[in-house]
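Structure, as structure tokens:
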Amino acid sequence: MDMEWEHVGPEDRTSLRQLLLRSTGLLEVDWIGFWILVLSVPLLVADVRSTDSPPCEPQGPPGPPGARGPQGPPGLAGPQGAPGPVGKPGLPGDVEKCPSLPQSAFSVKLSGPLPEPSKPIVFHEALYNHQGHFDLATGLFTCTVPGVYNFGFDIGLFENAVKVGLIKNGIQVRNKQAEAKDSYEQVSGSSILQLEKGDRVWLESKLDKTESEKGTTQTVFYGFLLSGNSAWV
């Protein structure tokens, strides 16, 4: 293009210059401005053409995932949740029956004069003898459950005298005597004894039979277990 412009004469250049000024609306420009205008036209055309360039190549497949980063700090605790529903009742537990405590007790009665001395008093009536540990035929209590026992007697007198002893295995552990001439008297006594299995306890008179036969006598003899030995329980 430059070679072709060089072959244009001065007059033709002036005419061409004026023609361009009229068409562009410019009154007067210097030659430098003119050439800048002429050269900028191809650049504008090239820029417009560049927008019509073909699209890029299609996007390739994604790359493999990267390595896992370090764990971040724990977050703040959240608000407390609502309470859950009430659970179902549990299964009933095993019921263990306690062993029954050992029992041993008796209460016997005699209405009438006491027998001859130094022998067990034989009682005719059993007020209580469910375990059968007292023998009415012999007047003896035989220990079946080892432990601590309470033994006692109550004697009612009217115009009579009495003297009795509480015996354990042939040894007197308690005695009591009283006399009632013209009145009614009540005689009682008790003792706590530690017994082993097979021990025997009884009540016996210490007066002559002729003395005990005078007047009226009522005798009650009793005994019961207070506490059984742990070995038996």
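For the range 184-204 and the range 61-87, what is the separation of their Cα centres, given in Å? Distance between centres, Cα-based: 84 Å. If you look at the Cα atoms of the range 61-130, you get an Rg and a Dmax of 42.5, 128 Å.
Volume per residue of the convex hull around the Cα atoms, evaluated for the range 119-158, comes out as 107 Å³. Each label point was placed 7 Å from the Cα along the Cα-to-Cβ direction; for Leu136 and Thr216 their separation is 2.3 nm.
FRET efficiency for the Ile171 to Lys97 pair, using the beta carbon distance and R₀ = 41 Å, is estimated at 0.50. Only Cα sites of the range 130-190 enter the Debye sum here, all with the same form factor; the resulting log10 I(q)/I(0) across q = 0.23 1/Å is -1.03, listed in q order.
Pick out, in residue order, every one of the GluC sites (Glu not before Pro) in the range 126-233 that is DSSP loop and has at most 12 other C-beta atoms within 10 Å; say none if there are none.
Loop-located and lightly packed - Glu196.
Evaluated over the Cα positions of the range 115-233, the convex hull gives a direction-averaged projected area, one quarter of its surface, of 7.1 nm². Kindly provide the trypsin sites (Lys or Arg not before Pro) of the range 60-131 that DSSP labels as loop, not H, G, I, E or B, and whose Cβ sees at most 12 other Cβ atoms within 10 Å. Those satisfying the criteria are Arg68, Lys97.
Which order do Tyr149, Tyr128, Tyr222 take when ranked by solvent-accessible area (1.4 Å probe, heavy atoms of all protein chains), largest first? Don't skip to the answer; put the middle values down first.
Working: Tyr149 0, Tyr128 75, Tyr222 55 Å².
Reading off the accessible areas and sorting them downward yields Tyr128, Tyr222, Tyr149.
Close Lys pairs in the range 85-199, defined as Cα atoms under 24 Å apart and 8 or more places apart or on different chains, number 13. Per-residue SASA remark: Asp135, around 70 Å² accessible (1.4 Å probe; ligands, DNA and RNA not included).
The values are calculated or read from the model by the stated rules, or taken from the named source; none is laboratory data. Just so it is clear, the structure is predicted and the values come from calculations on it, not from any experiment. Because the Cβ atoms are built from the backbone with ideal geometry, glycine has one as well, and the counts that use them run over all protein chains shown. Surface areas here come from the heavy atoms of the whole protein model, side chains and all, with no ligands, DNA or RNA. Shrake-Rupley method; radii C 1.70, N 1.55, O 1.52, S 1.80 Å.
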